[in-house]
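The values are calculated or read from the model by the stated rules, or taken from the named source; none is laboratory data. The structure displayed is predicted, hence computed values, not measured ones. Cβ placement follows ideal geometry from the backbone for every residue including glycine, while neighbour counts extend to all protein chains displayed. These area figures cover heavy atoms from the full protein model, side chains too; ligands, DNA and RNA do not enter into them. Shrake-Rupley method; radii C 1.70, N 1.55, O 1.52, S 1.80 Å.
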Amino acid sequence: MPSAARKTRIGMIVPSSNTCLEPQSYRILGDRDDVTIHFTRIPVTRIALDRSSDKQFDPAVMRAAAEQLATADVDVIAWNGTSGSWLGADHDRELVREIVDATGGIPATTSTLAYLAAFESFGTERIGLFTPYTEDVNRAVMASYERDGIKTIDHRALGLSDNESFGRVTDDEMRPGSLELAAARPDALIYLCTNLYGANIAAEIEEETGVPVLDSVAVTLWHCLKLAGSPLLAPKWGRLLAG
């Protein structure tokens, strides 16, 4: 007979062209054996401010993906993409309601809502924003955050729109802009994109500048663990997320 005891199971809906968040999530978990992560992918290849890009994040597609994850009896489901950052947090709040309804009550979150939960938990009001996106996407993100009471004091955009390319941004390409943003002394430096390896240099940037770092992959995993009632993360992935 199967054991009644089991590990915490996290379900994640993943952009199809994302090559970072699956390996990075397990890298962040390290040698922990109390949590497993289970993924399903939806078609996402491009990030821009237009109708064809927005259609990739159709709630009906997310709902179907969540229904698949629910068959694995997961404890929490996350849309592990940052689209709500420019579409607006209300878009993701409605998406969470759709997922909870579709799965018979499984708790749900998104990367965007995970950030807002972190901002509230840690008293974060002023951020430095680093993304691989284009300038106009960054501006939309900043306007959305402003509506939720988060002020962006400075930002950097790498000017990319092909989602697969985000996962090829190197640590060396991220360091200069990160240090410039940290010099403005925000409450936190934000690496916004779940296909960006920002967590790789989080501890380094925190140690060098004293500014907390919040990375999308780490923040989403942190919020999933929190919702599932599991221990949180090691400090090396962002000291605010440690538990």
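For the condition crowded, with 18+ Cβ neighbours inside 10 Å, among the small types (Gly, Ala, Ser) and in contact (Cβ under 8 Å) with a residue 40 or more places away in the chain, what is the one hit in SER83, SER111? After applying the criteria, what remains is SER111. For VAL141, the stated conditions do not hold, so it cannot be described as open to solvent by 10 Å² or more (accessible area, probe 1.4 Å) and of a type in the set (A, V, I, L, M).
Yes or no, residue by residue, for (1) more than 13 Å from the chain's Cα centre (by Cα); (2) aromatic (Phe, Trp, Tyr); (3) open to solvent by less than 20 Å² (accessible area, probe 1.4 Å):
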residue: ARG97; (1), (2), (3): yes, no, no
residue: ALA102; (1), (2), (3): yes, no, no
residue: ALA118; (1), (2), (3): no, no, yes
residue: LEU129; (1), (2), (3): yes, no, yes
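Taking the criterion of being in a strand (DSSP E or B), farther than 18 Å from GLY81 by Cα and open to solvent by 40 Å² or more (accessible area, probe 1.4 Å), the residues of segment 145-163 that qualify are LYS151, ILE153, ASP154, ARG156. Do we find that ASP215 is at pLDDT 95 or above, under 10 Å from PHE130 (Cβ atoms) and charged (D, E, K, R) in this structure? Against the criterion (at pLDDT 95 or above, under 10 Å from PHE130 (Cβ atoms) and charged (D, E, K, R)), ASP215 qualifies.
Among the helices (runs of 4 or more DSSP H) confined to segment 32-138, the ones with at least 1 residues that are at pLDDT below 95 are located at 51-54, 59-70, 84-87, 89-102. The criterion of being in contact with an Asp or Glu (Cβ under 6 Å, 6 or more places away or on another chain), under 20 Å from SER216 (Cβ atoms), surrounded by fewer than 23 Cβ atoms within 10 Å (Cβ to Cβ) and not acidic (Asp, Glu) holds for ALA89.
Restricting segment 70-80 to residues that are touching a Lys or Arg at 6+ places or on another chain (Cβ under 9 Å) and not small (Gly, Ala, Ser), which is most open to solvent (accessible area, probe 1.4 Å)? Looking at the filtered set, the residue picked out is ASP73.
Determine, yes or no, whether LEU29 is open to solvent by 70 Å² or more (accessible area, probe 1.4 Å), of a type in the set (A, V, I, L, M, F, W, C) and either farther than 27 Å from GLY238 by Cα or at pLDDT 95 or above (or both).
Values: open to solvent by 70 Å² or more (accessible area, probe 1.4 Å): no; of a type in the set (A, V, I, L, M, F, W, C): yes; either farther than 27 Å from GLY238 by Cα or at pLDDT 95 or above (or both): yes.
Spelling it out, it is not the case that LEU29 is open to solvent by 70 Å² or more (accessible area, probe 1.4 Å), of a type in the set (A, V, I, L, M, F, W, C) and either farther than 27 Å from GLY238 by Cα or at pLDDT 95 or above (or both).
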